[in-house]
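The block underneath contains the structure these notes are about, expressed in structure tokens.
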Amino acid sequence: MKAKQIRLATRPNGMPTYETFKWTEETVADPAQGEVVLKSLYASVDPYMRGRMNDRKSYVEPYEVGEVIAGGVIAEVVMTNSTQFEVGDIVIGNLGWATHQIAHEDSLRKIDPSKGPLTNHLGILGMPGITAYFGLLDIGKPAAGETVVVSGAAGAVGTVVGQIAKIVGAKVVGIAGTEEKISYLKHELQFDEVVNYKSENFQEELKAACADGVDVYYDNVGGTVSDAVLRLINKYARIPVCGQIALYNLEKPDLGVRVQPNLLVNSALMKGFIVSDYGAHFEEAITDLAKWLKEGKLQSKETVLEGFEKLPEAFLGLFKGDNIGKYLVKIAEPSE
């Protein structure tokens, strides 16, 4: 069995390019005891993967140059030497960008395809949905009538944050960058207000949208967008810091507004977090998210490219805002 793979060819300086990736092909060996051979079905592209391309300490180990890129992947077991998995099982794990690969049983979790679309487990019932759930409800703690602002509002995390905030009765203000995204957030997800950060009058439009100030700011992007929101925070505001995608491809250190005065005078809380901090409580989040989905209180939106070769394109598209909702690449169909 031949497997195609995509590896890190070189560490990017600034925005990655197609030259950042290297294509290889190898024969897949037979699985050892406790291992399975997998056929990849869907792969996720996520902003945190850009940080792993840098050779610096972070909350997850960096990729080595020459190593297969890894991320969230849904796959099918096609050969097994494991007592936990049978041929035909659908699994999810942190796996390589490869058409086929060997994985140890301890690194995989079985998915029940009868419980809904497989892709939900990489999106609204997976890492993005769980990230939205805990960041908003544990750190943001929105109350009915409060104003919740979410940047990157049309992304995989932001769409779920806004919808959960609506469930608890908050006023939701989204920040996005295209008319298509703004229309989706306002008319399909029922955000109360959506502001285009590319507008020449962004600060004024944001202030008008947040007439009563900002009680919770769910920060997915950082940069000048967050500078603008932080000027509007209320007393005792809460600011979950989830991502800083505006900064990931900078070639020089960012010089921005000092946030401490705003935090100090408003007795505000700003807290960074990683979804793995809540690992012991994932089932709580998945249970609630699945219930809200079934009740129609949550909608799942995905942008899907087809073909293994599209993975670099999808990854680079994250930083151009090409996606609405979760960005995925479909690699293969499950076997009949």
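Here, each number is a calculation from the coordinates, and none is a lab measurement. Source: prediction; values computed, not measured. Positions of Cβ are generated from backbone atoms using ideal geometry, with glycine treated the same way; all protein chains shown enter the neighbour counts.
What to note about this one:
- Each residue of the range 45-62 was assigned a 3J(HN,Hα) from its phi angle through the Karplus curve 6.51 cos²θ - 1.76 cosθ + 1.60 (θ = phi - 60°); the sequence is 10, 9, x, 4, 5, 5, x, 6, 7, 8, 8, 8, 5, 8, 7, 9, 4, x Hz, with glycine and proline shown as x.
- Across the range 325-333, rounded Karplus estimates of 3J(HN,Hα) from the backbone phi angles (6.51 cos²θ - 1.76 cosθ + 1.60, θ = phi - 60°) give x, 6, 9, 9, 10, 8, 9, 7, 7 Hz, Gly and Pro being marked x.
- Under-5 Å amide H pairs with residue 195, H placed in peptide plane, nonlocal only: 174, 175, 176
- Candidates per trypsin sites (Lys or Arg not before Pro) in the range 12-83, loop by DSSP, up to 16 other Cβ within 10 Å: 56, 57
- In the range 105-250, a dipole from Cβ-located charges (positive for Lys and Arg, negative for Asp and Glu) runs towards its positive end, and of 195, 222, 136 it is 136 whose Cα lies farthest in that direction.
- Low-density loop positions, trypsin sites (Lys or Arg not before Pro), the range 67-127 - DSSP coil, at most 11 other Cβ in 10 Å: none
- Along the axis of the charge dipole computed for the chain (Cβ charges of +1 for Lys and Arg, -1 for Asp and Glu, origin at the Cα centre), the listed residues 206, 36, 314 are led at the positive end by 206.
- For q = 0.14, 0.20 Å⁻¹, Debye-computed log10 I/I(0) when each Cα of the range 232-336 counts as one equal scatterer: -0.97, -1.23
- Stokes-Einstein diffusion of the chain at 4 °C, 1.567 mPa s viscosity, Kirkwood radius from Cα pairs, rounded to a whole number: 62 µm²/s.
- Interchain or long-range residues, amide H under 5 Å from residue 303's placed H: 324, 326, 327, 328
- At least 15 Å along the helix axis (C-alpha) and Kyte average at least -1.0, DSSP helices within the chain: 156-167, 282-295
- Close Lys pairs in the range 188-336 (alpha-carbon distance under 25 Å; sequence gap of 8 or more, or different chains): 24.
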